[in-house]
Structures are given as C-alpha cells and as structure tokens.
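Single-structure report; data block below.
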Amino acid sequence: MQDTLKQPQKDALLTKTESISGSEAVMRAFVEEGVETIFGYPGGAIMPIYDALYDYQQNLEHILVRHEQGAIHAAQGYARTSGRTGVVFATSGPGATNLVTGLADALIDSTPLVCITGQVFAHLLGTDAFQETDIINITTPCTKWNYQVTDANEIPAVLAKAFFIANSGRPGPVLIDITKNAQVQKFDYSGYEKCNFIRSYRPKPIVRKEYIEQAAQLINEAKKPFVIFGQGVILGKAEKEFKAFIEKAGIPTAWTIMGLSALPSNHPLNVGMLGMHGNYAPNVLTNDCDVLIAVGMRFDDRVTGRLDKYARQAKVIHLDIDPAEIDKNVKTTVPVWGDCKETLPLLTELVQFRNHAAWIQRFKELEQEEIDACIYKELNPTGDELTMGEVIKVLNELTNGEAVLVTDVGQHQMVTCRYAKFIQSKSNITSGGLGTMGFALPAAIGAKFGAPDRTVVAIIGDGGFQMTIQELGTIMQTGINVKLLILNNSFLGMVRQWQELFHSKRYSFVDITSPDFVLVAKGYRIEGQRVADRAGLRDALKAMLEHDGSYLLEVMVGKENNVFPMVEAGTSVSEIRLK
Amino acid sequence: MNKQEFTITVYTENQIGLLNRIAIIFSRRKINIESMNSSPSEIDGIHRFTIVMNETEEVVRKLVRQIEKQVDVLKAYYNTGDEIVWQELALYKVPTDEIAEKVKVERLLREFGARAVVIRKDYTVFETTGHREETDKLIKVLEPYGLIEFVRSARVAIIKESNGFHEKLKEFEELNPSVEVVANEYLNKQEEVFDM
Ligand SMILES: Cc1ncc(C[n+]2csc(CCOP(=O)(O)OP(=O)(O)O)c2C)c(N)n1
C-alpha cells in the first residue's frame with residue numbers, strides 16, 4: 001500500500017479516534033460522499049457490510065434488485081439522470097462476475113460508478129475458496145480503477161479515492177473488492193477526508209491558449225464549419241456553454257447517440273444525429289465541411305463509418321478531456337485538450353458572429369430528401385401495421401419532450417433516438433458504446449431514482465425485455481413509477497434486418513417468441529395492456545403515462561420493418577443509403 | 001509508417017495489479033511485447049517499467065497515451081534505440097569438462113566480455129551483458145561445446161536526454177495540474193494531416 005492511500009496521521013491529541021469496523025467505515029464514507037441510493041444484492045462475502053447497512057437505512061436507501069446486472073445498470077441509469085456517482089453492492093464470486101457487463105458498459109459510456117464487492121477472507125485468497133473469484137483481474141480491463149482492500153485501515157482513504165476517480169475527469173466505473181476480514185476488522189477511525197488529488201492522476205489536462213487561438217482562427221476562416229458533439233457536453237455540464245458557442249459561430253450541429261438531449265431537438269442549428277442510423281444530412285455533409293469541430297465525442301466506428309473516407313477534406317478541431325482520444329481514430333489539426341466547460345467559453349470569446357445561411361440550407365435540402373425517402377412514411381404509415389416511428393411520434397406529442405427516455409438495444413433504440421424530441425438535457429439514457437441488450441429495464445428503474453420528479457419511459461424490444469425481465473420484481477417491491485413500452489416485432493429485429501440486407505434473408509435464429517408480457521406484468525402487480533392498432537395507440541400511450549404507478553404497454557408493430565437511412569458497415573458516411 | 005523497435009519507459013506508483021493493467025493494453029491490441037522489465041527507479045517508492053516492442057510510431061504513441069491514462073501511472077515515454085543506452089544480461093550453462101579441455105573457448109569468452117559466475121565440476125555458468133546481437137552471437141559460439149541452458153533478461157534502458165524523474169515528480173506532487181502537454185506534431189504540418 002502506497003503512502004498516498006494511508007489516512008493522514010493526525011495529531012492524536014487533537015483528533016479523537018474511535019474503534020469501528022471496516023463495514024461501518026464503508027457506511028460513513030457513503031454518508032460523507034452524499035450517497036443516497038445503493039443498488040445491490042447480498043451474499044455471504046458481503047454480509048458484514050449488509051449488517052452495517054441495517055443501521056443506516058435512514059441515511060442510505062438500498063434497492064434490492066433481482067440480479068447483479070440489474071443493480072449495475074440501475075446504478076448507470078441513476079448516474080446518467082442525476083449526474084452523480086452510482087453505487088452498487090454485490091457479493092463475491094457470481095455476484096461480482098454478474099457486474100462485468102455493466103462495468104464494460106459504464107467504462108465505454110464514461111459513467112461514474114463505485115461498485116463494492118465482498119471477497120473471501122484474505123487468508124483464503126488463491127485457495128479456490130467457496131465463491132472466490134479473482135474479480136480484480138477479471139475487471140481490470142473494464143474499470144477505470146480497481147483495488148482490493150484486505151485491511152480495514154485502508155477503507156476510508158480507498159473509498160475517498162474511488163469516489164474521486166469515478167466522477168472526475170472522464171468519469172468511469174471503479175470497483176473496490178473488500179475481503180471479509182477487513183469488513184469485520186475493528187480499527188482506529190479518525191474521520192473521513194475526501195480526496196481531491198492523486199499525484200499520478202490528472203483528471204483534466206491544462207488548457208492551452210495557443211490551441212484555442214488556432215481553433216478560433218480556423219473556425220473564423222471556415223466557409224463550411226460543422227460541429228459534432230457527444231456526451232462530453234453532458235458530462236462536463238457544459239450545455240449552456242455549448243449552446244452559446246454554436247449560436248455565436250452560427251454553425252450547424254449534429255449529435256452522436258450519446259450527445260442526444262444536450263441541446264433541444266428543435267434548436268435551429270441542430271441538424272440531427274450522426275452515425276449508422278443517423279440522419280442523412282449530417283452524415284453526407286461530414287464529407288463536405290471544411291472545418292469539423294468535434295466536442296466531447298470519440299469518433300466511434302458507428303459514427304465514422306469507413307475511416308479512410310471520413311472527413312478527409314476537413315481540418316479537424318477536437319475538444320476532449322481525455323488526451324488518449326486525440327488522434328486515436330481521426331487525426332486532429334488542432335487538439336483542444338481540457339474540460340469543455342472551460343474550453344468552450346474561451347473559444348466562444350474568440351470566434352466571430354457568423355450566419356452560415358447557405359451552408360445550413362444544404363442541410364435543410366438533404367433533410368427534405370430524407371423526409372421524402374424515409375421519415376414521412378415511417379411517421380405517417382398508411383399500411384395496417386404500426387411502425388415504431390409513429391409510436392415515438394405520438395409519445396413525443398403526449399410528453400412534450402419532457403420525459404426521460406431509456407432505450408434498450410436494437411431497431412427500437414435507433415428509431416427512438418432518431419425520432420424522439422428532447423427539450424432538456426440528460427433525457428436520453430441508452431447503452432451507446434457497448435450496445436447491451438437488457439440495459440433498459442434496470443436502467444429505467446435507476447433513472448427514476450436519479451430523477452424522481454421526471455417521467456421515465458423505457459422503450460424496449462421484445463428480445464431485450466426478456467434479458468432482464470426479472471427486474472419487474474424490483475419495480476414491484478420498490479413501487480417505483482416507470483413506464484415500460486415494449487415495441488414487439490416478434491423478431492430480434494436489428495439482427496433480422498441485417499440478415500435481410502446482407503445474408504439474403506436467411507433468418508437464422510432471430511424468430512423469438514415472447515410470453516404474454518401483460519400477463520407477466522400482472523404477476524408482478526404491474527398494470528398494463530397490449531395494443532395492436534392505430535386507433536387505440538394514442539389512448540393506450542395516454543393511459544400508460546397517466547397511470548399512477550408503473551405501467552407496461554406492449555405495442556405490436558410491423559414484423560419486418562427496417563431502420564433507414566443506414567451507413568452500411570465498411571462504407572463511407574457519405575454513401576449512406578436511404579433505402 | 002514502418003515498424004521499428006521502440007522502448008517505452010513507464011514511471012508508476014508501486015501498486016499491485018498495475019503490471020496486469022499495463023500488459024493488457026498491449027495484449028488487447030494483439031501487440032507482442034518483446035521484453036518487459038519492472039524495477040525500482042531512481043526515486044524511492046516509484047516503479048519503472050521498461051517495455052520493448054516492434055511497432056509503428058503512430059501505434060506506439062497511442063499505446064503510451066493509453067498507458068498514461070491509467071490512474072496509477074505517473075508518466076510514460078517512448079524512445080527509439082538511438083535515444084537510449086540499453087543492455088540485456090545473458091547466462092549460459094556449459095559442461096565444465098568440455099571447456100576445460102578446449103583452451104580456445106576461454107579466449108572466445110574473453111572476446112565477448114563474458115565471465116564465469118559459477119564453476120562446478122559438472123558445469124560452468126557464464127554471464128555477459130550487451131545488446132541482443134552480442135548475446136545471441138555467444139550462443140552460436142557455445143553451441144558446439146554443448147550449451148546446456150541459456151537465458152536472457154529483459155532489456156533495461158536509460159534515456160540519454162533525461163534528467164531523471166525527480167523534477168517531474170515535484171510537478172506532479174503540486175496540486176495544480178501539470179502544464180505538460182505533448183506538443184501536437186501535426187500542427188505545423190497541416191497539409192500532411194490526413195495521410196492515415
Ligand atoms: C447482450 C446482447 N446480446 C446480443 C446482442 C446483439 N443484438 C443487437 S440488436 C439485437 C436484436 C434486438 O432485438 P429486440 O430486443 O427484439 O429489439 P428490436 O431490434 O427488434 O427492436 C441483438 C440480438 C446485443 N446487442 N446484446
């Protein structure tokens with residue numbers, strides 16, 4: 001154990017120490033860090049911590065989930081709507097390994113989490129003891145930091161470090177594994193000190209004025225500048241600063257799936273979503289702009305398509321808090337390292353007022369092409385079958401864009417992200433980087449705990465719903481109010497679409513049967529109904545939203561609809577197909 | 001860009017598990033580590049890794065950034081062979097009677113700067129340090145005399161231009177974020193920016 005992790009030695013005469021257990025120290029650390037909600041599941045190796053929690057029920061609300069994957073996705077949803085660190089408890093062995101998917105998801109989507117896992121007694125480590133797994137090594141590639149505590153003395157400082165690391169710089173998940181002996185061990189506790197400095201860790205690279213100046217000059221000289229942004233704007237709490245920047249510079253702006261809702265959908269400079277199923281204009285014009293300004297995004301391959309045909313004509317300005325992102329996928333002309341909350345205002349000051357009317361008009365023209373080719377018929381279908389798009393359209397009308405939308409993974413996710421209207425930040429919760437089916441149901445539960453005053457609607461496919469369906473039990477037990485909207489196409493739709501387009505309709509194991517979801521919900525004492533026709537759609541959505549409590553609405557949609565436009569894998573963003 | 005040999009030097013906290021955290025940055029990208037050495041550094045409590053690999057500079061630069069991103073890593077540098085002084089140590093075990101009989105061997109060993117570390121009735125262990133080619137050559141030389149065992153250590157390297165880590169550490173220990181930023185080499189070569 002290095003020195004920086006030890007509790008500062010205070011003058012024994014001035015500081016009263018008291019003897020407490022490691023588990024008690026965990027509780028006190030949580031209270032000091034302002035933790036209010038814990039998502040967890042008990043088991044042998046974490047029992048001393050749960051025993052300590054018994055006395056802290058007034059301060060710490062513990063949500064008993066039905067599976068540890070549910071706990072961690074719920075903590076992710078909580079973190080994403082609240083901006084705070086999500087906290088998870090799990091036992092050793094299977095409890096800990098059940099967290100792995102969520103850790104990977106949280107790492108790639110930069111979500112701040114502190115996960116506490118119990119571990120077998122230190123003297124049993126390495127003996128293949130009951131429920132022993134090497135969770136530190138298992139989770140090393142999917143945590144921002146992890147650490148095993150074997151001595152209670154370490155707990156206050158290690159937890160302080162964990163909370164600091166999780167929610168500073170580029171946020172991410174931290175896992176702390178605590179052996180059972182450390183949980184029960186009594187030690188001299190001399191208070192909790194929050195951590196705000198680690199000598200080997202620089203959360204924010206310092207802002208360099210010369211790069212800001214060079215960026216401003218490129219922007220001021222640009223004829224066809226284009227701003228693309230991601231979740232960095234939300235994580236940096238820089239929505240206002242971002243809006244001020246694009247408005248002054250008059251630059252058309254597109255969001256990645258993770259950037260959704262950081263700007264109102266109807267903002268005149270918002271030209272839509274980037275990426276594989278994004279909008280036509282921003283994809284095509286990426287390869288036409290002269291200066292590309294990327295803010296808090298990481299040029300994921302789903303956004304860039306074929307890299308060697310991506311924005312080759314453009315000078316690239318990249319604003320990011322993580323130096324490892326600069327030049328990782330796309331070479332940067334001017335790197336603007338730093339927290340965009342700090343860099344954006346500096347940039348705004350130096351850019352000139354502009355109005356790129358003719359350039360923005362190009363986006364409008366291409367948008368019209370997209371409306372004509374796909375959007376109109378998706379939102380105003382004439383056939384008997386319901387489309388996913390029209391469901392989202394009616395939902396928009398009923399929520400006025402005020403709801404938090406939590407999506408799972410697949411066609412319904414893409415359709416929702418394409419057509420949902422947002423007026424408020426932190427309203428789009430989805431598994432963007434990892435594409436984790438089963439994310440939405442537990443994440444919606446957590447999202448509601450993170451934003452209790454907001455309406456939370458989970459939009460989920462019939463496949464993904466069955467991946468974490470057990471969390472209906474968590475809804476039942478907590479009485480939380482989340483709206484569950486299943487878009488049932490009786491297929492693993494997104495995979496079926498690919499099989500149709502790229503595997504000559506050889507539908508290999510995508511035909512999935514479902515239980516009677518409404519009946520299942522009823523078993524969990526959750527109200528619900530199924531709707532299959534246009535006439536009943538609006539009333540059904542209304543009933544769902546107006547119901548006092550959780551509600552499950554299953555909408556039967558067309559079985560073989562496809563999501564378009566689409567940038568096929570291995571093609572350029574400007575080769576995006578409309579059908 | 002062509003692949004060439006690079007040596008990465010990493011200063012870290014002395015933390016269990018960090019070796020794994022660094023190693024998987026390479027294995028995840030299917031990059032072979034030629035050699036890896038972990039040892040104390042000039043500063044008490046700070047560890048120093050020396051990692052050798054064959055890669056393009058672009059890949060190595062990205063690797064170094066991923067390494068520096070790790071919470072417990074203080075700083076990582078990468079260098080080509082001419083920017084460092086490096087050595088590897090090799091041990092050779094040969095039957096004692098073979099070499100005792102053949103005086104020529106002794107002369108050869110002297111030529112290679114090898115010395116005997118253990119001499120027993122049944123075998124003798126020689127040691128030599130140097131660059132890869134030198135230690136390799138001695139294998140060839142000893143093979144005819146019944147080389148029993150051979151082992152070579154990981155590379156250790158000293159960066160020629162470095163003033164050591166003391167100053168840098170002081171900077172890191174201040175509460176302010178470090179002013180250090182790797183200059184972006186593309187800034188002054190905008191026309192070449194897009195040769196990916
Ligand atoms: C855990 C996991 N397994 C598999 C996949 C691959 N996958 C991506 S989308 C999809 C189909 C999803 O089907 P459904 O939940 O019914 O939603 P739909 O696409 O029909 O809207 C699958 C299997 C995944 N993303 N995540």
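Each value in this text was obtained by applying a stated rule to the coordinates, not by laboratory testing. Bear in mind the structure is a predicted one, so any value in this text is a computation, not a measurement. In this analysis, Cβ positions are derived from the backbone assuming ideal geometry, glycine residues included, and neighbour counts consider all displayed protein chains.
Compute the relative contact order of chain A as a whole-number percentage, counting only Cα pairs closer than 8 Å that sit 6 or more residues apart in sequence.
15
Reachable lysines from residue A:393, Cα under 17 Å, same-chain residues fewer than 8 places away excluded?
Within the straight-line cut-off, residue A:393 pairs with A:377, A:421, A:483, A:542.
Which is the longest stretch in chain A that no exposed loop site breaks, taking sites as chymotrypsin sites (Phe, Trp or Tyr not before Pro) with a DSSP loop state and at most 10 other Cβ atoms within 10 Å?
Segment A:1-352 is the longest.
Using only Cα atoms, find the angle between the long axis of helix A:388-399 and the longest principal axis of chain A, and express it within 0 to 90 degrees, rounded to the nearest 10.
70
Taking only C-alpha pairs under 8 Å that are 6+ residues apart, what is the relative contact order of the stretch A:17-189 in percent? Don't skip to the answer; put the middle values down first.
Working: 374 pairs, mean separation 51.2, N = 173.
Result for the stretch A:17-189 is 30 percent.
Go through A:243/A:331; A:161/B:75; A:448/B:62; A:209/B:160; A:194/A:243; B:93/B:160 and tell me which ones have a Cα-Cα distance over 27 Å in this structure.
With Cα atoms farther than 27 Å apart: A:448/B:62; A:209/B:160; A:194/A:243; B:93/B:160.
What percent do you get for the relative contact order of chain B when only Cα pairs under 8 Å and 6+ apart count? Provide the component values of the computation, followed by the final result.
Numbers: 299 pairs, mean separation 44.4, N = 196.
RCO, chain B: 23 percent.
At a Cα cut-off below 13 Å, give the aspartates and glutamates reachable from residue A:144, other chains included and same-chain residues fewer than 8 away excluded.
Answer for residue A:144, where 13 Å is the Cα cut-off: A:105, A:109, A:322, B:68, B:72, listed by chain and number.
Please sort by residue number the GluC sites (Glu not before Pro) in the stretch A:497-576 whose DSSP state is loop and whose Cβ has at most 15 other Cβ atoms within 10 Å.
Taking the stretch A:497-576 and a limit of 15 other Cβ atoms within 10 Å, the loop GluC sites (Glu not before Pro) found are A:560, A:568.
Tell me the mean residue ellipticity at 222 nm calculated for chain A from its helices only (DSSP H runs of n ≥ 4, each -39500 (n - 2.57), averaged over every residue, nearest 500).
Theoretical 222 nm ellipticity from helices: -10000 deg cm²/dmol.
May I ask for the net charge around residue A:29, where only other residues with Cβ less than 12 Å from the Cβ of residue A:29 are counted and Lys, Arg are +1 while Asp, Glu are -1?
Numbers: positive: A:28, A:161, A:194; negative: A:24, A:32, A:33, A:154, A:193.
Taking every other residue near residue A:29 into account, the sum is -2.
Of all DSSP beta bridges located in chain A, what percent are antiparallel, nearest 5?
Of the beta bridges lying entirely in chain A, close to 10 percent run antiparallel.
What distance in nm separates the simple spin-label points at residue A:213 and residue A:123, each placed 7 Å from Cα in the Cβ direction?
For the pair residue A:213/residue A:123, the computed spacing is 6.6 nm.
What does the net charge come to around residue A:245 if you take all other residues with beta carbon closer than 12 Å to its beta carbon, with K and R at +1 and D and E at -1? Before the final figure, lay out the partial values.
Details: positive: A:240, A:243, A:248, A:341, A:354; negative: A:239, A:241, A:247, A:349.
Residues near residue A:245 contribute +1 overall.
Taking the Cα centre of the stretch A:17-189 as the origin, how large is its charge dipole in debye, to the nearest 20, when only Lys and Arg (+1) and Asp and Glu (-1) carry charge on their Cβ atoms?
Taking the Cα centre of the stretch A:17-189 as origin, the dipole is about 420 debye.
Please compute the average number of Cβ atoms from other chains found within 10 Å of each residue's Cβ in peptide A:197-208.
For peptide A:197-208, the averaged partner shielding equals 6.
Please go through the stretch A:202-290 and write out the trypsin sites (Lys or Arg not before Pro) that DSSP classes as loop and that have at most 16 other C-beta atoms within 10 Å.
Taking the stretch A:202-290 and a limit of 16 other Cβ atoms within 10 Å, the loop trypsin sites (Lys or Arg not before Pro) found are A:223, A:237.
If each DSSP helix of 4+ residues adds -39,500 (n - 2.57) and the sum is divided by the residues in chain B, what number results at 222 nm, nearest 500 deg cm²/dmol?
Mean residue ellipticity at 222 nm (helix-derived): -8500 deg cm²/dmol.
List the GluC sites (Glu not before Pro) within the stretch B:122-169 that fall in a DSSP loop (any state other than H, G, I, E or B) and whose Cβ has at most 16 other Cβ atoms within 10 Å.
Qualifying residues, ordered by number: B:161.
Zone of residue B:110 (label point 7 Å along Cα→Cβ, backbone N under 18 Å): which residues in the stretch B:76-103?
B:99-103
If you bin every alpha carbon distance in the protein assembly as shown into 10 Å steps from zero, what whole percent lands in each bin?
Values per bin, smallest distances first: 3, 13, 20, 22, 19, 13, 6, 3, 1, 0, 0.
With point charges of +1 on the Cβ of Lys and Arg and -1 on the Cβ of Asp and Glu, referenced to the Cα centre of the stretch B:54-93, which listed residue (B:66, B:80, B:91) lies farthest in the positive direction of the dipole?
Of the candidates, B:66 comes out farthest on the positive side.
For helix A:239-249, what angle does its Cα long axis make with the longest principal axis of chain A, in degrees from 0 to 90 and rounded to 10?
Roughly 30 degrees between the two axes.
Mind checking the dipole of chain A: about its Cα centre, +1 per Lys or Arg Cβ, -1 per Asp or Glu Cβ, Debye to the nearest 20?
That gives a dipole near 1060 debye.
For chain A, take the longest principal axis of its alpha carbons; what is the angle in degrees between that and the long axis of helix A:493-502, to the nearest 10 within 0 to 90?
For A:493-502 against chain A, the angle is about 50 degrees.
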